[in-house]
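Engineer: Here it is: the structure, laid out below.
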Number of protein chains: 2
Amino acid sequence: VREDELLAALHAIVADRAPRRILLGIGDDAAVWQPSRSHRSVITTDALIEGVHFVPAWMSWCEVGMRAMASNLSDIAAMGAKPVLATVALGIPQDFDRDGVLDLYRGLAGVARDGRCAIVGGDITRAPVVTIAITVVGEVRQTHVKRRSGARAGDAICVTGDLGASRAGLQCLRGEVALEDAALRERALAAYRTPTARWREGLWLGASANVNAMMDCSDGLSTDLDRLCIASGVGALVENVPVAEAAAAAARALGISPEDYALAGGEDFELVLAVKPRAYAHLAARFRARFGRPLHRIGTFRAQPGLASRVDGSERPLHRTGWDALEE
Amino acid sequence: VREDELLAALHAIVADRAPRRILLGIGDDAAVWQPSRSHRSVITTDALIEGVHFVPAWMSWCEVGMRAMASNLSDIAAMGAKPVLATVALGIPQDFDRDGVLDLYRGLAGVARDGRCAIVGGDITRAPVVTIAITVVGEVRQTHVKRRSGARAGDAICVTGDLGASRAGLQCLRGEVALEDAALRERALAAYRTPTARWREGLWLGASANVNAMMDCSDGLSTDLDRLCIASGVGALVENVPVAEAAAAAARALGISPEDYALAGGEDFELVLAVKPRAYAHLAARFRARFGRPLHRIGTFRAQPGLASRVDGSERPLHRTGWDALEE
């Protein structure tokens, strides 16, 4: 059973009731509703499970908390919305110490504070392993909501940063790859342990009428871009991928192509977007002026369905190589 | 470590940031915020963990889902609010079958539908045991928000229904008590497996200016009433407890007092409220006309701190005997 297939079946169970005020339900990074005529709220939820999403030996509890909150803020950013508040349901094993819980909460609270997001609700209970379920509510102007379904053939595919560093960090921790350059190794570990949610970028890009679609890249670009294409009814041709330096080093150590490595990345939490082709140059210049980093153009959406990549002039199909929450 | 003590420590970590639009944070049944000047939204979150909150052998997956959603709708009801939408983060073990997930979701969706609540978001992932984290958002008029902190000395303590049946059902399933009357046993099991959230009652009571405070009774009346008293800075004298017939039978079988049995109940999901003393008779009459059931007056809030009960004229202290999410 794959995650997308199961989510679609669950969607069918709940979809017979779609009240007028729910503007967007299951299937995007966040749902959208209308608390009053002129306001739009967004909501997203995400659970992190010990042993599935993180291994305690690989990071501090504070870092576990930071990572958990960042992944939720990223979903809000992907809608073009501003975080407002979060609730946290925490499950802890019987032998888990009080200091660990407080450290975890400090991590959650620190990232939430940076994102101007208040933690307003908590539930705490016993669980066989540490379980962190976070829900974040944000708000967005009606005209700024960015869905996955808005990409048009001809739009530029853009990403807000380099990819693959988080995967390199994970592989270092797993002992699957060794990065000899200590500084590079540290950057890879930091990318994995304390990723940055692009909520400032998401809010800024949400305000641009030239951005047709947006989502966050949490399960690997090849997987997430496929989801965006399916939602929009388009295909995509990827021509270059901005590979993080640590990812390139890891790929070289493993003897695989840096681009393939980065495409299968996951948890980079960069934003992927569809930009009107004529607007790209101006938007990218403004983005660089605002954030001091490039807005990478990595390819083009097109009418022909499916994902493909073109390297050295020859086109080849691109398969999902990212993370599926239900596969091992 | 007790649940309330740990929640207070976590609250301290997040409390340094309380934006103006967050009107009520951690510590009540739900948090309250202000999406726009004239609107109030509420949000609550709750996680149910296999082996902690339910045992699969004791109920169908559909019932697990019904119970999980009811417990969240109950928190919304306790604020005097109307449910609007829910998100569900589901964790499932690797060997869990697809049909089980669909059944669980049907249970969630059925209760949500009955409560006029749309399920708008889903996350699904691997977990060592079935893990269901639900967040529900509701809305409420500014003047209808009911907090735990509003009870005044002299107010009548009221509950919306009989207590203890859910505990009797749980003890039947655990084999700790045998109810010979088959009909009574079925009612006890139903109270445990498919509790009813009092969202209609909560909405109706929220609209009354004579209700000073409200919360749901999910961890046992003795525990929840203590929380309400602490939040309100009052004490309480309990003089009679409406005991469910199945609970009385279970108490008799165990040789303990039916009132004590019901006070330690938990998961009845009735609402506990503070009603202005002169308004009780009229409110109870209107409640009966509207819902066909009595609004039980079980005692009186008073200035003297602490909980006490008076049976047969003699007063004795009442201790927390309900559920603590972090104790075994």
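The values are calculated or read from the model by the stated rules, or taken from the named source; none is laboratory data. Model, not experiment: these values are computed from the prediction. As a convention, Cβ positions derive from the backbone with ideal geometry for all residues, glycine included, and neighbour counts pool all protein chains shown.
Engineer: So how many residues does region B:239-277 have that are farther than 27 Å from B:ASP75 by Cβ and among the hydrophobic types (A, V, I, L, M, F, W, C)?
Structural biologist: Final tally of qualifying residues: 6.
Engineer: Please work out which residue is farthest from B:GLN34 (Cα to Cα), limiting yourself to region A:19-37 and to residues that are within 7 Å of chain B (Cβ to nearest Cβ) and either more than 18 Å from the chain's Cα centre (by Cα) or modelled with pLDDT under 70 (or both).
Structural biologist: Among those residues, the one meeting the criterion is A:ILE26.
Engineer: Among the residues of region A:22-73, write down those that are β-branched (Val, Ile, Thr), within 28 Å of A:GLY169 (Cβ to Cβ) and free of Cβ contacts under 8 Å to residues at least 40 places away in the same chain.
Structural biologist: A:VAL52, the sole residue that qualifies.
Engineer: Being surrounded by 24 or more Cβ atoms within 10 Å (Cβ to Cβ), more than 13 Å from every other protein chain (Cβ to nearest Cβ) and part of a loop (DSSP other than H, G, I, E, B) is the filter here, so list the residues in region A:127-163 that pass it.
Structural biologist: A:LYS146, A:ALA151, A:ASP155, A:THR160
Engineer: For A:ILE124, are the conditions met, namely being touching a residue at least 40 places away in the same chain (Cβ under 8 Å), under 21 Å from B:ILE134 (Cβ atoms) and buried (at least 20 other Cβ atoms within 10 Å of the Cβ)?
Structural biologist: So A:ILE124 fails the test.
Engineer: Another question about this same structure. Restricting to region B:254-284, count the residues that are more than 22 Å from B:SER232 (Cα to Cα) and small (Gly, Ala, Ser).
Structural biologist: So the count comes out to 6.
Engineer: Does region B:164-183 include one or more residues that are assigned to a loop (DSSP other than H, G, I, E, B) and in contact with a Pro (Cβ under 7 Å, 6 or more places away or on another chain)?
Structural biologist: The answer is no; no qualifying residue exists.
Engineer: Mind telling me which of the residues A:SER60, A:SER71 ends up being more than 8 Å from every other protein chain (Cβ to nearest Cβ), over 24 Å from A:ASP226 (Cβ atoms) and modelled with pLDDT of 80 or more?
Structural biologist: A:SER60
Engineer: A further question on this structure: Suppose we filter region B:86-115 for residues that are under 29 Å from A:PRO35 (Cα atoms), outside any strand (DSSP E or B) and either among the aliphatic types (A, V, I, L, M) or at the interface with chain A (Cβ under 8 Å from one of its Cβ atoms) (or both); how many remain?
Structural biologist: Residues flagged as under 29 Å from A:PRO35 (Cα atoms), outside any strand (DSSP E or B) and either among the aliphatic types (A, V, I, L, M) or at the interface with chain A (Cβ under 8 Å from one of its Cβ atoms) (or both) within region B:86-115 amount to 8.
Engineer: Which of the following residues is farther than 18 Å from A:ASP268 by Cα and either within 14 Å of the chain's Cα centre (by Cα) or touching a residue at least 60 places away in the same chain (Cβ under 8 Å) (or both): A:ALA244, A:ALA197, A:ALA188, A:ALA213?
Structural biologist: Selected residue: A:ALA213, the only one of A:ALA244, A:ALA197, A:ALA188, A:ALA213 that is farther than 18 Å from A:ASP268 by Cα and either within 14 Å of the chain's Cα centre (by Cα) or touching a residue at least 60 places away in the same chain (Cβ under 8 Å) (or both).
Engineer: Continuing with this model, one more query. Given the conditions (1) assigned to a loop (DSSP other than H, G, I, E, B); (2) more than 10 Å from chain A (Cβ to nearest Cβ); (3) surrounded by fewer than 24 Cβ atoms within 10 Å (Cβ to Cβ), which single one is not true for B:VAL52?
Structural biologist: Of the numbered conditions (1) assigned to a loop (DSSP other than H, G, I, E, B); (2) more than 10 Å from chain A (Cβ to nearest Cβ); (3) surrounded by fewer than 24 Cβ atoms within 10 Å (Cβ to Cβ), the odd one out for B:VAL52 is (2).
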